[in-house]
Amino acid sequence: MIQNIPLEKVLFIDIETVPLYGEWSEIPETEQKLWEKKTRHQRKDEISAEDFYERAGIMAEFGKIICITIGMLEKNDTLKIKSFFGHDEKKLLMEFGEIFNSPRLRDVILCAHNGKEFDFPWIARRFLINGTMPPTPFQMFGKKPWEIPHIDTMELWKFGDYKSFISLELLAHVFGIPTPKDDIDGSMVSSIYYIEKDLQRIVDYCEKDVLTLANIFRRMRQEDLLQRNINLD
């Protein structure tokens with residue numbers, strides 16, 4: 001039962017991603033061709049590979065991480081939040097990876113919304129692409145399903161119904177939790193990053209998602225909402 005999971009061991013996590021390039025013309029020809037092949041069966045006949053490139057931010061082979069936000073609960077029910085962000089993805093990942101050297105995170109349990117389909121594999125793949133091994137909690141090879149320290153709130157909500165999909169925003173609504181989408185949503189991240197060049201706005205959005213995620217998990221455990229959100233130094 002999720003009520004038996006020690007909350008102090010749970011690392012709530014959310015990432016924000018964008019296409020590797022801001023303009024189609026910047027993409028090397030080889031990658032343009034690979035993108036065209038990769039998306040051929042996803043695009044409708046009238047949609048070109050170039051027009052479809054705005055969706056590159058959801059594929060780890062063609063995108064990059066610009067923000068990782070984590071949150072952990074303290075004994076006084078304070079959620080402490082820290083964000084790793086920047087234009088240099090490798091530097092961002094290395095700084096994020098260092099947190100797993102902490103004794104507190106030795107047996108950490110990762111928690112994300114749709115994390116098993118997106119956040120967790122994305123992080124692991126981008127570590128490998130940047131030439132380094134993913135932190136231990138993201139390494140799954142050789143582990144039995146019950147040995148993998150991952151919690152996915154979307155999976156918890158499915159209760160075995162694999163046809164179901166629910167957004168973080170809708171799940172927050174049904175639990176009476178303030179929406180994290182009061183400024184932007186995921187579809188706007190790429191344009192805010194490349195056109196508006198407002199990375200801090202994206203970081204703020206990511207931090208709201210982590211607070212919402214933690215509160216959803218607490219609601220699933222029939223616990224009160226968190227009232228405070230303090231940034232880690």
Open item on the list: Among the residues of region 109-158, what is the count of those that are closer than 20 Å to GLU95 by Cβ and among the acidic types (Asp, Glu)?
Closed with: 1
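So for region 71-83 (the condition being among the hydroxyl-bearing types (Ser, Thr, Tyr) and either crowded, with 20+ Cβ neighbours inside 10 Å or not in a helix (DSSP H, G or I) (or both)), does at least one residue qualify?
Yes, some residue in region 71-83 is among the hydroxyl-bearing types (Ser, Thr, Tyr) and either crowded, with 20+ Cβ neighbours inside 10 Å or not in a helix (DSSP H, G or I) (or both).
Do we have any residue at all in region 125-133 that's assigned to a loop (DSSP other than H, G, I, E, B) and free of Cβ contacts under 8 Å to residues at least 24 places away in the same chain? Step through it out loud before you land on a result.
If we filter region 125-133 for residues that are assigned to a loop (DSSP other than H, G, I, E, B), which is where we start, we get 130-133.
Now restrict to residues that are free of Cβ contacts under 8 Å to residues at least 24 places away in the same chain: 133.
Within region 125-133 (the criterion being assigned to a loop (DSSP other than H, G, I, E, B) and free of Cβ contacts under 8 Å to residues at least 24 places away in the same chain), the answer is yes, since at least one residue qualifies.
Please determine, by comparing only the residues of region 147-170 that are hydrophobic (A, V, I, L, M, F, W, C) and without any contact (Cβ under 8 Å) to a residue 12 or more places away in the chain, which one is farthest from GLY186 (Cα to Cα).
Quick first cut of region 147-170, residues hydrophobic (A, V, I, L, M, F, W, C) only: 148, 151, 154, 156-157, 159, 165-166, 168, 170.
Right, trim to without any contact (Cβ under 8 Å) to a residue 12 or more places away in the chain and you get 148, 159, 165, 170.
Working: ILE148: 27, PHE159: 26, PHE165: 16, LEU170: 14 Å.
The extreme case among them is ILE148.
Inside region 153-198, can you point out the residues that are hydrophobic (A, V, I, L, M, F, W, C) and either within 16 Å of THR17 (Cβ to Cβ) or part of a loop (DSSP other than H, G, I, E, B) (or both)? Quick ask: steps written out before the conclusion?
To start, the set of residues in region 153-198 that are hydrophobic (A, V, I, L, M, F, W, C) comprises 154, 156-157, 159, 165-166, 168, 170-172, 174-175, 177, 184, 188-189, 192, 195.
If the condition is that a residue be hydrophobic (A, V, I, L, M, F, W, C) and either within 16 Å of THR17 (Cβ to Cβ) or part of a loop (DSSP other than H, G, I, E, B) (or both), then PHE159, PHE165, ILE166, LEU168, PHE175, ILE177, ILE184, MET188, VAL189, ILE192, ILE195 are the ones that fit.
Give the residues of region 111-133 that are among the polar types (S, T, N, Q) and within 11 Å of the chain's Cα centre (by Cα), sorted by residue number. Explain how you work it out, then say what you get.
The first filter runs over region 111-133 and keeps only residues among the polar types (S, T, N, Q), leaving 114, 130, 132.
Matches in region 111-133: ASN114 only.
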- [ ] Consider ILE202 carefully, then state whether it is more than 28 Å from ALA56 (Cβ to Cβ), in contact (Cβ under 8 Å) with a residue 24 or more places away in the chain and of a type in the set (Val, Ile, Thr).
- [x] no
Open item on the list: Which of the numbered conditions does LEU11 fail, given that it passes all the others? Conditions: (1) over 19 Å from ASP88 (Cβ atoms); (2) in a helix (DSSP H, G or I).
Closed with: (2)
Open item on the list: Going by what's in this entry, would LEU34 be described as at pLDDT 95 or above and in the same structural domain as PRO149 (by TED's automatic domain parsing)?
Closed with: no
Open item on the list: Within region 39-68, take every residue that is touching a residue at least 24 places away in the same chain (Cβ under 8 Å) and surrounded by fewer than 16 Cβ atoms within 10 Å (Cβ to Cβ) and give me the one that is nearest to PHE120 (Cα to Cα).
Closed with: ILE58
Open item on the list: Within region 134-152, take every residue that is part of a loop (DSSP other than H, G, I, E, B) and within 18 Å of ILE2 (Cβ to Cβ) and give me the one that is nearest to the chain's Cα centre (by Cα).
Closed with: PRO149
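The values are calculated or read from the model by the stated rules, or taken from the named source; none is laboratory data. It should be emphasised that the depicted structure is a prediction, and the values quoted were computed from it without experimental measurement. Note: ideal-geometry Cβ built from the backbone for every residue, glycine included; neighbour counts use all protein chains shown.
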